[in-house]
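Written below as C-alpha cells is the structure these notes are about.
All of the numbers you see were taken from the coordinates with simple rules; none came from a lab. In this text, all values refer to a predicted model and were calculated from it rather than measured experimentally. Here the Cβ positions follow ideal geometry from the backbone for every residue, glycine too, while neighbour counts run over all protein chains shown.
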Amino acid sequence: MPDVTRRDFCAGTLAAALSGAAVTRSAAERRGRIPVRMFWTWDHSTNWCENVYGAQNVGVGNAYTKPGRFFEEDYRRVVDWCASHDMQAVGIVGLLRDRHGGVESVRRLCGYANDRGVRIYIIGGLFAYGGAYYEGSSKWSLDRFLEDNKDCMARRADGGYHYARFLSHGGTKNEPQGCPSSKKLKDFVIESYDWLFKAVPELGGIQMEAGDNGVCQCATCKERRGKRAASEYMSLEDMAGIYPAIAGVVRSRSKDAMIICETYHHFLDKACGIFYEDPPGKDARVLFDMPKDIFWQWKCDARLDQGTWPDGAALPPEMAKAHNVMRSHAGTQWWGGRDAFDVDKIRRQCRSSFLSGLDAVSMFGEVSPFNTNAEFNYLALRYFADSPLAPMDGFVRDVMAPLLGGEALAAEWVGMARLDHDPEKIPTASARIARIAADVKDAEARRRWTHLAHRLDSFRWEWERNGRKLPVYSHHPEPLLPKGGVSRPDHL
Ligand SMILES: [Zn+2]
C-alpha cells in the first residue's frame with residue numbers, strides 16, 4: 001500500500017508541525033514559532049527551470065505557454081526546496097490543465113511531493129477561476145459548464161453575463177463567473193470537487209475561493225446578500241453558502257487533506273466586522289460551525305505597508321479556534337517587484353502573525369532561487385517563522401553572511417539590493433559589486449553577487465531609456481479597463 005504510506009507520512013509531517021493542539025495566541029507564544037509555511041503559485045508563471053522558452057513573469061488566468069513537461073519539472077524543484085527548508089505545502093492555481101498533462105501529471109507530482117513529506121494543494125475557484133479542472137476538455141471544467149449552462153452564470157449590474165477579464169494584470173483569460181444562488185451550479189461545484197479528490201487521491205488539500213472578481217448582481221443574489229456586499233468585490237455571504245459543503249466533501253474523500261478557506265481580507269478589515277459581532281449573524285455562524293481543523297487564510301500586504309496591524313491584534317475569537325494562515329505578496333510582480341529583496345517585509349509578516357496567534361504563513365514561490373533576492377526571501381520565511389521576534393540583523397548574520405562571503409558583505413547587499421528604486425546610485429554600486437565578486441572565493445557566492453549587479457544594471461538601463469523615470473511595468477502592471485467586461489479590481 002505505497003500510497004497509504006506516503007499519505008500517512010505527509011499527514012504526519014503536518015501533524016508534527018501543528019503539534020500542540022489548540023491554536024491560540026498563548027499556544028503559539030509557548031511554541032515560540034510559526035509551524036506551517038507554504039508557497040502560493042500560478043502554474044503559468046512558476047519558473048524554477050532556467051532558460052525555458054515560454055516562461056511568463058506575470059498574469060492571472062494566462063494560457064500555459066511552456067512545453068507541458070515543465071509543469072512537473074518546475075514543481076519538482078519547488079517540492080525539493082520545501083522538503084529541505086521545512087516548508088510543508090505548495091498551492092497551485094491552474095493545477096489541472098490538458099496542456100500540461102491533466103490528472104496523470106498531477107498524480108505523479110503529488111506522489112513525488114508526498115514521498116518527500118510535502119503536500120501539493122489545489123488553489124481552486126468555486127464560482128470562479130475555472131473550478132476544479134482549470135482548463136481543458138474535462139466535464140469538470142467550470143468554464144465549460146458555464147458556457148453550456150448560461151442560466152448558472154453571474155450577472156453584471158446591466159443584466160449581461162459576468163466575465164472576468166484579467167488584462168489589467170497581465171492575464172489573457174476571459175473567464176465566466178458563476179451565480180452563487182444557483183442550486184444547479186452549487187451541485188455541480190460540489191460534485192466536481194468530490195470527483196477531484198477521488199481521481200487524485202494523492203492530492204494534499206485545497207485552498208477554496210468563492211471568487212473575488214465582483215459579485216453576482218442578479219436579483220436573487222442581491223436579495224440574499226442584503227446591503228452588506230454592495231461595495232465589495234467579493235461576498236462573505238457567498239463564502240458561507242458553499243465553503244462548508246466543499247470542506248465536507250473534501251474531508252469525506254481525504255481524512256487528512258489540508259482545507260484552507262480564503263477570506264480575501266485581513267481580519268482587521270471593515271468587511272470582517274461580522275466575525276466579531278456578538279451574537280454572530282447567520283452567515284458568520286455558518287462559517288464558525290465549520291470543523292476546527294481547517295485554515296482561515298488572510299492577507300496582509302496593505303497593512304504591513306501602512307503600519308495598520310497593531311502588535312497582538314486579535315483574530316476573530318471563533319476563528320482563532322481553527323488554524324489561521326497569513327499570506328503576503330512579498331517580492332512579487334503584485335507587490336514590490338518580482339524578485340525584489342523583501343526580507344524585512346517577510347520579517348514583519350512573521351512577527352505580526354506570531355503576535356496575533358496565527359500558526360501558518362504563506363508567500364509566493366514562483367521565482368527560482370537562482371534569482372538571489374528570491375532565494376533570500378524564501379530563506380527569510382523559514383528563518384522568521386522559526387524565530388518570529390528575531391531582528392533583521394540576525395538574518396543577515398546567520399543566513400546571508402555564509403552565502404555572500406561574510407557578514408560585512410551581507411550588510412552591503414542589504415544596502416544595495418533595493419537600488420532598483422534609486423537608479424542614479426546603481427553605477428557606483430555596480431562597480432563596488434564587481435570588486436566584491438573579484439575577491440569572493442566561493443563560486444556560488446560570486447554568482448549571487450554578479451546576479452545582483454546584472455539585475456540592478458537592468459533597472460538603470462531601462463531608466464536611462466525611459467527619460468530617467470522608473471518604468472511602472474517593472475513593479476506592477478498598469479491598470480487597463482477592458483470594454484464589455486468586468487475588470488478585476490486593483491485590490492491585491
Ligand atoms: Zn446571482
**Item:** Amide hydrogen neighbours beyond the local backbone of residue 131, cut-off 5 Å, H modeled
**Value:** 125, 142
**Item:** Theoretical FRET efficiency, 1/(1+(r/R0)^6), r = Cβ-Cβ of residue 397 and residue 306, R0 25 Å, to 0.05
**Value:** 0.30
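Magnitude of the Cβ-charge dipole of segment 67-191, K/R +1 and D/E -1, about the Cα centre, nearest 20 debye? Let's see the in-between values first.
Numbers: 19 positive and 17 negative charges, 34 e Å.
In total the dipole reaches around 160 debye.
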**Asked** Which percent of Cα pairs goes in each bin when the distances of segment 400-469 are cut into 5 angstrom slices starting at zero?
**Response** 3, 19, 30, 22, 14, 7, 4, 1
**Request:** Calculate the dipole size of segment 2-390 relative to its Cα centre from +1 charges on Lys and Arg beta carbons and -1 charges on Asp and Glu beta carbons; express the result in debye to the nearest 20.
**Result:** 400 debye
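Apply 1/(1 + (r/R0)^6) to the Cβ-Cβ distance of residue 256 and residue 73, taking R0 = 22 Å, and write down the FRET efficiency to the nearest 0.05. Intermediate results must be reported in sequence, preceding the final value.
Working: r = 27 Å, r/R0 = 1.24.
Once rounded, the FRET efficiency stands at 0.20.
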**Complete:** Over all pairs of different Cα atoms in the chain, the reciprocal of the mean inverse distance gives a Kirkwood radius in Å of 23.3 Å
**Prompt:** Ranked highest first by average number of other Cβ atoms within 10 Å, how do 169-176, 251-258, 93-100 line up?
**Reply:** 93-100, 169-176, 251-258
**Asked** So what is the 222 nm mean residue ellipticity for the chain from helices alone, if each DSSP H run of at least 4 adds -39500 (n - 2.57) and you divide by all residues, rounding to the nearest 500 deg cm²/dmol?
**Response** -12000 deg cm²/dmol
**Prompt:** In the structure shown, do any of 173/321; 183/292; 139/270; 183/282; 198/292 have a Cα-Cα gap over 29 Å, and if so which?
**Reply:** 173/321; 139/270
**Message:** In whole Hz and in residue order, list the ³J(HN,Hα) couplings for segment 446-452 that follow from phi through the Karplus curve 6.51 cos²θ - 1.76 cosθ + 1.60, θ = phi - 60°; x for Gly and Pro.
**Reply:** 4, 4, 4, 5, 5, 5, 4
**Request:** Quickly rank 147-158, 320-331 as a protection proxy: mean count of other C-beta atoms within 10 Å, highest first.
**Result:** 320-331, 147-158
**Prompt:** Taking every pair of alpha-carbon atoms in segment 233-341, what share in percent sits in each 10 Å bin, from 0 to the bin with the longest distance?
**Reply:** 13, 42, 31, 13, 1
**Message:** Can you say what percent of the DSSP beta bridges in the chain, counting only those with both residues inside, are antiparallel? Round to 5.
**Reply:** 15 percent
**Prompt:** Toward the positive end of the charge dipole of the chain, about the Cα centre and with charges on Cβ (Lys, Arg +1; Asp, Glu -1), which of 467, 314, 274 goes farthest?
**Reply:** 274
**Prompt:** Whole-Hz Karplus ³J(HN,Hα) for segment 266-272, in order, using 6.51 cos²θ - 1.76 cosθ + 1.60 and θ = phi - 60°, x for Gly and Pro?
**Reply:** 8, 5, 8, 5, 3, 4, 8
**Convex hull volume per residue in cubic angstrom - Cα atoms of segment 142-261** = 121 Å³
**Complete:** Non-local residues with an amide H under 5 Å from the amide H of residue 38, with H modelled 1.01 Å from N and Pro and chain starts lacking one, are 361, 362, 363
